[in-house]
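Undergrad: Dumping the structure here so I can ask a few things about it.
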Amino acid sequence: MRLVSNKAGALILLAMLAVPSSGAVFAQDQVEARDDITVTGTVPSFLGLPKGPEVKGVIVSRTGDRIKVRAADGTDMVIGVTNETQVKASGGFLSGGKKLTVDALLNGLPVTVKTVQAPSGMYASQISFKNGDYKTAQMIRNGTQQQFDEQTAATEALRGRVADIDNYNIKGTTNVYFATGSWKLSPEGKNELCTVATQADGTNNALLLVVGYTDSVGDEDYNQTLSEKRASSVINYLQQYCKWKPYRMLTPTGMAESDPLADNDTEQGRQQNRRVSVNIMVSKSVDGM
């Protein structure tokens with residue numbers, strides 16, 4: 001992204017933001033070139049700007065001075081960050097004696113964003129997150145098992161030994177269902193997700209595999225995107241509200257209208273097919289097979 005500013009400090013900001021954070025928690029999309037926006041003029045001052053909405057979600061990608069935040073319902077919002085954006089950890093604005101900057105905004109980090117509305121778009125006035133979430137995001141980004149505690153290291157080692165889903169045993173499957181064309185979780189679905197997370201947490205070496213599906217209504221491209229959004233909605237809720245650790249999640253996928261549970265020729269059947277399957281998985285190598 002090209003940013004032209006009358007402020008000398010903007011040149012420093014541009015250099016600082018030139019390289020996006022890497023190491024997504026799970027398979028994450030990067031903001032594509034077509035999403036980039038060229039802004040000319042000065043970096044907006046937040047003074048006097050009207051407040052925008054408060055956004056809660058997970059950072060799924062970062063490009064230049066823009067972050068993409070995905071909410072629990074699967075919706076994405078692109079928000080600008082500037083040298084006026086305050087980055088706040090749960091313990092305060094300082095972490096280890098150093099002031100946090102936008103470099104702390106890692107992919108996979110759950111955040112709460114206070115925004116302001118500028119003529120050129122929405123900007124973050126404050127971004128806050130929990131110290132524990134930040135530490136986990138750093139660990140995953142760096143990818144070194146030495147930085148994880150004993151259980152995390154064991155889980156990562158397990159994931160490294162198996163690369164094919166056929167090498168897992170399915171210990172249980174829970175389906176959550178969706179309205180037509182929607183990826184919004186119902187109250188019942190939310191309760192079921194935390195129940196399955198508790199069940200999986202009590203299973204040794206368990207990982208979760210999340211797969212999204214649709215009914216047969218709509219074209220192939222639409223259904224593929226919809227199934228992926230449903231899977232993302234489930235993953236975000238599991239991590240943010242059910243406290244399921246990102247490193248215990250297998251790569252999610254959307255399967256569109258594949259593998260229907262029921263006949264798509266009836267409304268009752270289509271309702272059963274509009275689902276996300278949450279599978280509790282254990283490697284056969286540690287499950288006695």
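Undergrad: With the requirement that a residue be touching a helix residue (DSSP H, G or I) at 6+ places or on another chain (Cβ under 8 Å) and surrounded by 19 or more Cβ atoms within 10 Å (Cβ to Cβ), what does the range 220-241 give you?
TA: VAL234, TYR237, LEU238, GLN239
Undergrad: Taking the conditions exactly as written (modelled with pLDDT of 90 or more and surrounded by fewer than 19 Cβ atoms within 10 Å (Cβ to Cβ)), does THR198 satisfy them or not?
TA: So THR198 passes the test.
Undergrad: Return yes or no: is LYS190 farther than 21 Å from VAL60 by Cα and assigned to a strand (DSSP E or B)?
TA: Values: farther than 21 Å from VAL60 by Cα: yes; assigned to a strand (DSSP E or B): no.
So LYS190 fails the test.
Undergrad: Whether any residue in the range 97-105 is surrounded by fewer than 16 Cβ atoms within 10 Å (Cβ to Cβ), at pLDDT 85 or above and under 15 Å from GLN126 (Cβ atoms) is what I want to check. Spell out the reasoning first.
TA: Narrowing the range 97-105 to residues surrounded by fewer than 16 Cβ atoms within 10 Å (Cβ to Cβ): 97-99, 101, 103.
Applying the additional criterion that residues be at pLDDT 85 or above yields none.
Among the residues of the range 97-105, not one is surrounded by fewer than 16 Cβ atoms within 10 Å (Cβ to Cβ), at pLDDT 85 or above and under 15 Å from GLN126 (Cβ atoms), which makes the answer no.
Undergrad: Residues in the range 127-140: is at least one at pLDDT below 70 and either surrounded by 13 or more Cβ atoms within 10 Å (Cβ to Cβ) or within 22 Å of the chain's Cα centre (by Cα) (or both)?
TA: Checked the range 127-140: at least one residue is at pLDDT below 70 and either surrounded by 13 or more Cβ atoms within 10 Å (Cβ to Cβ) or within 22 Å of the chain's Cα centre (by Cα) (or both).
Undergrad: Looking for whichever is assigned to a helix (DSSP H, G or I), farther than 24 Å from THR75 by Cβ and touching a residue at least 12 places away in the same chain (Cβ under 8 Å) here; the options are SER233, SER227, SER285. Which one fits?
TA: On the way: SER233 fails: farther than 24 Å from THR75 by Cβ; SER227 fails: farther than 24 Å from THR75 by Cβ.
On inspection, the qualifying residue turns out to be SER285.
Undergrad: Select from the range 260-275 the residues that are in contact with a helix residue (DSSP H, G or I) (Cβ under 9 Å, 6 or more places away or on another chain) and either aliphatic (A, V, I, L, M) or under 10 Å from TYR213 (Cβ atoms) (or both) and write down the one among them that is most open to solvent (accessible area, probe 1.4 Å).
TA: Result: LEU261.
Undergrad: More than 21 Å from the chain's Cα centre (by Cα) and hydroxyl-bearing (Ser, Thr, Tyr): which single residue out of SER233, SER277, SER285, SER227 fits that description?
TA: Numbers: SER233 fails: more than 21 Å from the chain's Cα centre (by Cα); SER277 fails: more than 21 Å from the chain's Cα centre (by Cα); SER227 fails: more than 21 Å from the chain's Cα centre (by Cα).
That would be SER285, the only listed residue that is more than 21 Å from the chain's Cα centre (by Cα) and hydroxyl-bearing (Ser, Thr, Tyr).
Undergrad: If ASN205 passes every condition in (1) in contact with a helix residue (DSSP H, G or I) (Cβ under 9 Å, 6 or more places away or on another chain); (2) at negative phi; (3) surrounded by fewer than 23 Cβ atoms within 10 Å (Cβ to Cβ) but one, which one does it miss?
TA: Every condition holds for ASN205 apart from (2).
Undergrad: Could you grab the pairs with beta carbons closer than 8 Å, sequence gap of 6+ or different chains, first residue in the range 237-260 and at negative phi, second one open to solvent by less than 20 Å² (accessible area, probe 1.4 Å) and of a type in the set (Lys, Arg)?
TA: These pairs meet every condition: GLY254/ARG230.
Undergrad: Additional query: Select from the range 243-259 the residues that are hydroxyl-bearing (Ser, Thr, Tyr) and under 21 Å from LEU106 (Cβ atoms) and write down the one among them that is surrounded by the most Cβ atoms within 10 Å (Cβ to Cβ).
TA: TYR247
The values are calculated or read from the model by the stated rules, or taken from the named source; none is laboratory data. Everything numeric here is computed off the predicted structure, so don't read it as measured data. Neighbour counts are summed over all protein chains in view; Cβ atoms, including those assigned to glycine, are modelled from backbone coordinates with ideal geometry. Heads up: the accessible areas ignore ligands, DNA and RNA and are worked out on the full protein's heavy atoms, side chains in. Shrake-Rupley method; radii C 1.70, N 1.55, O 1.52, S 1.80 Å.
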